[in-house]
Amino acid sequence: MTLTLRSTNSFLKGLRSFKTSEEFPNLVRIARIRPSYRVRAISSLQAEHFTPEKMVLEGRCSDKWEKLHELTGHHHTNASKVPVFVMLPLDTISTGGSLNKPRAMNASLMALKTAGVEGVMVDAWWGLVEKDGPLNYNWDGYVELVQMVQRHGLKLQVVMSFHQCGGNVGDSCSIPLPPWVLEEIDNNPDLVYTDKSGRRNPEYISLGCDSLPVLKGRTPIQVYSDYMRSFREKFKDYLGKVIVEIQVGMGPCGELRYPSYPESNGTWRFPGIGEFQCYDKYMKASLQAAAEACGQQEWGRNGPHDSGQYHQYPEDTGFFRREGTWKTPYGQFFLEWYSAKLIEHGESILGAAHGIFKETGAKLSGKVAGIHWHYKTRSHAAELTAGYYNTRDRNGYLPIARMFAKYEVVLNFTCMEMKDGEQPDHANCSPEGLVQQVKLATQTAGAELAGENALERYDASAFGQVLATSKSQTGSRLSAFTYLRMNKRLFEGDNWRHLVEFVKSMSEGGQNERQSTKDLSRTGLYVGFLKEKSIQKNEHALV
């Protein structure tokens, strides 16, 4: 049984110049069938039993828990369009700097256009663009991609990816930091984040040295700024027209956070609390200075001694347990310093980006991680180690949202597809509660909110959850949604149909809770399984 794609002659006409399907082993073919599955936008908080398929993580979290960050406000109907973008593969640009599989990419973009998506997102990897030496930039592969996106009438979100690819959830390839940067790290290991055991993390340069000329005479902020200026000059004719958004990377996975839960080599596993990342010499010097400034020199000697290890739970530690050290004057001092350093880092990068791109017509955005495990506990330990000072008694996302609003930056938040009932009880998760808190924080701060799914999901339940989230209950709707990620599974039968229906519903502002079984994209495209013998010679594979 083979997945095929058929459509009108006009669609296939554009594919006839392609070679055989063997050239595109990872894509689908389209056939005209009648879709029969519906996506419903329904919150799991409203309908617990809406589960079209069994999830890997089962079991509903207990309803008997303290209400955290209770949100007020009435339901507000919003019929505005929520544009949908699709993330391109991590290796869209090859290690040599060229566009990977351009013919397959061309066909994929053609299919996405017919599905009604607004555009696509791509990572502009620091480790690829500036790998040949300081200030030596190679944008060639990205130029080819931008022009291809333009030809299909799509828009592009570009991520300034100053982090390493590899070692985290969904990382399918390895793209380290530029070789000349790695040489500097070899000479000075304190340039990267370090935990209390001395374990170094090469994913991202430590924010402790943001203002120090440690990278061949330039500071990290200067290096990031020069990179963004080079991008602006190279693509000035496309900014605000084809390239409509620049997402500025500010940490591991491009997120504004510390690398407190690294998965490489089994260092961390879900739902561990993670560890503080403040033990390189630059962070330690900052901590010492902060302690001396408040007259408590002993507080600056080191990070918390009782904060546990990566795999532990809050109640296993002296710091994070219910009435732990996090509530003491010392704990509050440390968490204030740790989180303030992260916000200061975000201010430095976003301030620079705002100055560089303010006249281009392109939006700026930044990503904040959806750390939903242990959200139902008092201390919110996993959020604290990542740098978000968010507890039962303190809203840690409002200061971040205000910083984003200051520079007119869209706050892009993950885990929009997750439901509380899909999570294991022992992890004390509440992705839905977390999303609602962040929505309220952006509304209060006057910042735009956009969303992503944290994990690869193709089922109607996940799409329905995003639809429900996109509708404003607090006065803050999503300004855009970026779907993770384009790959061969996306183009398979029900997966493709769900995406098409989802995009249609989002174009209606997330209001279409029960979608039609007809061709919602009005393209004549339907996806399904057909026997191999029925495939016509003029059908061509997509990415």
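The values are calculated or read from the model by the stated rules, or taken from the named source; none is laboratory data. Because the structure is a prediction, the values reported are computed rather than measured. Glycine gets a Cβ as well: all are built from the backbone with ideal geometry, and neighbour counts include every protein chain shown. To get the accessible areas, we keep the full protein, side chains included, count just its heavy atoms, and leave off ligands, DNA and RNA. Shrake-Rupley method; radii C 1.70, N 1.55, O 1.52, S 1.80 Å.
Toward the positive end of the charge dipole of region 84-508, with +1 on the Cβ of Lys and Arg and -1 on the Cβ of Asp and Glu, the farthest Cα among P431, W326, T114 is that of T114.
Spacing of the modelled spin labels on Q296 and K241, each 7 Å from Cα toward Cβ, amounts to 5.6 nm. Note on E184/A285: beta-carbon distance plugged into 1/(1 + (r/R0)^6) with R0 of 30 Å gives a FRET efficiency of 0.95. When DSSP beta bridges are restricted to pairs lying wholly in region 84-508, around 15% turn out antiparallel. Between D140 and E344, the simple spin-label model (points 7 angstrom out along Cα→Cβ) gives 4.2 nm.
To put it simply, the accessible area of region 108-203 at a 1.4 Å probe is 45 percent carbon and sulfur. Using a Förster distance of 25 angstrom, determine the FRET efficiency expected from the C-beta separation of S230 and C173, and round it to 0.05. Plugging the Cβ-Cβ distance into 1/(1 + (r/R0)^6) gives 0.60. Taking label positions 7 Å along the Cα-Cβ direction at both D425 and E508, the computed distance is 3.9 nm, reported to one decimal. When peptides 216-222, 188-194 are ranked by their average number of other Cβ atoms within 10 Å per residue, the highest-first order is 188-194, 216-222. Average accessible surface for region 84-508: 32 Å² per residue, computed with a 1.4 Å probe over protein heavy atoms with every protein chain in place.
Overall form of region 84-508: oblate. Here a/c, set by the Cα gyration tensor axes a ≥ b ≥ c, is 1.5 or more, and a/b is not larger than b/c.
Under 5 Å between amide hydrogens, built in the peptide plane, is the criterion, and for K155 it picks out G119, V120 among residues at least 5 positions away or on other chains.
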